[in-house]
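Computed from the coordinates by the stated procedures, all read-outs in this text should not be read as laboratory data. Model, not experiment: these values are computed from the prediction. Ideal geometry is used to build each Cβ from the backbone, glycine not excepted, and the neighbour counts take in all protein chains shown.
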Amino acid sequence: MRQGFLFTLHLTRLILMISAEELYPIFLSCKSVSTDSRKIQKDSLFFGLKGENFNGNSFASEALQQGASYAIVDDEKYAVSDKTILVGDVLDTLQALALFHRKQLKIPVIAITGTNGKTTTKELVRSVLSQVYSTYATTGNLNNHIGVPVTLLSIRDETQIAVIEMGANHIGEIAALCKIALPTHGIITNIGKAHLEGFGGFNGVIEAKTELYRFLKASKGVCFVNKDNALLMKHAAGLRTITYGSDPSAAFTGKIIESEDPFLTVEVSFQSCSLSLESRLFGSYNFENVLAAACIGYHFNIPPDKIKTAVEQYIPLNNRSQVVNSGKNTLILDAYNANPDSMKNAILNFASSSFPEKVLMIGDMLELGKVSDEEHTSILQLVDKTGIKDVYLVGPVFTRLNTKRDWICFQDSDLARLWFEHHPLTGKTILIKASRGIMLEKITGIL
């Protein structure tokens, strides 16, 4: 039956508008999906998406030549092969197919969003759940209206639990992603000041992030909520919740264990025992991420000893709470992203640490809109109060607002790199923190 269906489509050159249900057998016959013609895998299904500066339709033929089984386009002039499928809109088709596939999956789907810590929490949850279950989780930063569908379409029959990261920079985005991913469980790590320009202010951030709660309430899903966070507890009222935190009344509790080690150690309490989890993460602000992962693991019946193994074996990557010995200095890499809350937490943790020879290197925080100057000034005042003497600022906003003559400023990371090539640092402990767009990773290679 399936072969006949495909043959009929081939005869018509696949130019008929096709539903997600009709496209599904073609999807199942492919080994993967792709939206990037430069990274085509053999026997994949290519979606020719359009962007502001490109038209993925124009790469359909190239994708087929590189081994894709089929290419989906929405411009008839690119439907020149019996392997091209013409649809009304490629993005709509991608999302509709992902939703149809999601409805075939009879597994828990955990959605993770939040202002800070969602990727670290996602990776910790993946590590914990993988101790027992075949777990699929969002890779990289595929957490938007394209990445979430691609993630869902990457889930195959052997998967027992899925962990889906959801990002947003405007109201309504999380709600839309929930309608595609249909999460059964969810967690908001926290709500802070980020993407204020797109959200229209902090109240907009609250409105957007709690869209996950509202979806789970309507679908009778389960929410994991940090009981230490009053804002989250307020908005989680009326939901099916499992709480975690340092609050003794939480369902799952833990506390930070003080130590001279640069890495965070957390003690968590199970019904029958307490265990210390010696993470490879820097910063007390990662406490809630570790505790959330342990709580979720315990809810899904991961044995305590396996939770301990998973947390302790997880090594952060991609400039997220990493501690790296470069051979010349100790680098605390937290430069994947930054907003006022995460910047403040990182600076305060660094200032209170026992690291010797502290150097602070921070870059601009982007997408703050009309409060950008106010928030950057607040961070500069905070740095001044810490007493850290060696301070480097990267980016036009920090440079313009800085009033301290002994703090060295650079308009961009290229100029900073040039400076450190001629003024190398040695024997220092350097915190590196900025928004992704500042690209401080250009500097790390020479520090």
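Numbers at a glance
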item: Centre separation in Å (Cα based) which lies between region 277-314 and region 433-447; result: 28 Å
item: Long-range Cα-Cα pairs in the chain (distance over 31 Å), rounded percent; result: 48 percent
item: Local electrostatic count, Arg417, Cβ distance below 12 Å [Lys/Arg +1, Asp/Glu -1]; result: -3
item: From the C-alpha gyration tensor of region 68-224, square roots of 5λ in Å; result: 28, 21, 13
item: Difference of contour (0.36 nm per residue) and Cα-Cα distance, Lys77 to Ile446; result: 127.9 nm
item: Within the chain: Cβ-based charge dipole about Cα centre, in debye rounded to nearest 20 (Lys, Arg +1; Asp, Glu -1); result: 580 debye
item: Contact order normalised by residue count of the chain, Cα under 8 Å, 6+ apart, percent; result: 10 percent
item: Local electrostatic count, Ala63, Cβ distance below 15 Å [Lys/Arg +1, Asp/Glu -1]; result: 0
item: Sequence-distant residues sharing a close amide H with Phe252 (under 5 Å, placed H); result: Thr243, Tyr244, Gly245
item: Positive minus negative residues near Asn143 (Lys, Arg vs Asp, Glu; Cβ under 12 Å); result: 0
item: Mean-position separation - Cα centroids, region 337-371 and region 61-124, in angstrom; result: 36 Å
item: Relative contact order of region 150-231, defined on C-alpha pairs under 8 angstrom at six or more residues apart (%); result: 33 percent
item: Intensity falloff of region 322-444 expressed as log10 I(q)/I(0), Debye formula with alpha-carbon point scatterers, at q = 0.13, 0.21 Å⁻¹; result: -0.45, -1.29
item: Listed peptides 290-296, 51-57, 80-86 by packing density, highest first (mean Cβ within 10 Å); result: 290-296, 80-86, 51-57
item: Intensity falloff of region 224-376 expressed as log10 I(q)/I(0), Debye formula with alpha-carbon point scatterers, at q = 0.10, 0.13, 0.15, 0.16 Å⁻¹; result: -0.43, -0.70, -0.90, -1.00
item: Cα centroid separation, region 43-57 to region 218-265 (Å); result: 41 Å
item: Within the chain, helix-based [θ] at 222 nm, where runs of 4 or more DSSP H residues each add -39,500 (n - 2.57), nearest 500; result: -10500 deg cm²/dmol
item: Trypsin sites (Lys or Arg not before Pro) lying in DSSP loop within region 104-155, provided at most 11 other Cβ fall within 10 Å; result: Lys106
item: Average projection area in nm² (convex hull over Cα atoms of region 105-313, one quarter of hull surface); result: 11.1 nm²
item: Kirkwood hydrodynamic radius of region 264-350, Cα pairs, Å; result: 14.1 Å
item: Anchor Lys103: aspartates and glutamates whose Cα lies under 19 Å away (excluding residues fewer than 8 positions away in-chain); result: Glu21, Glu22, Asp92, Asp157, Glu158, Glu165
item: Antiparallel content of DSSP bridges confined to the chain, in %, to 5; result: 25 percent
item: Other-chain or far-sequence residues with amide H under 5 Å of Ile72's (modelled H); result: Phe46, Phe47, Gly48, Ile85
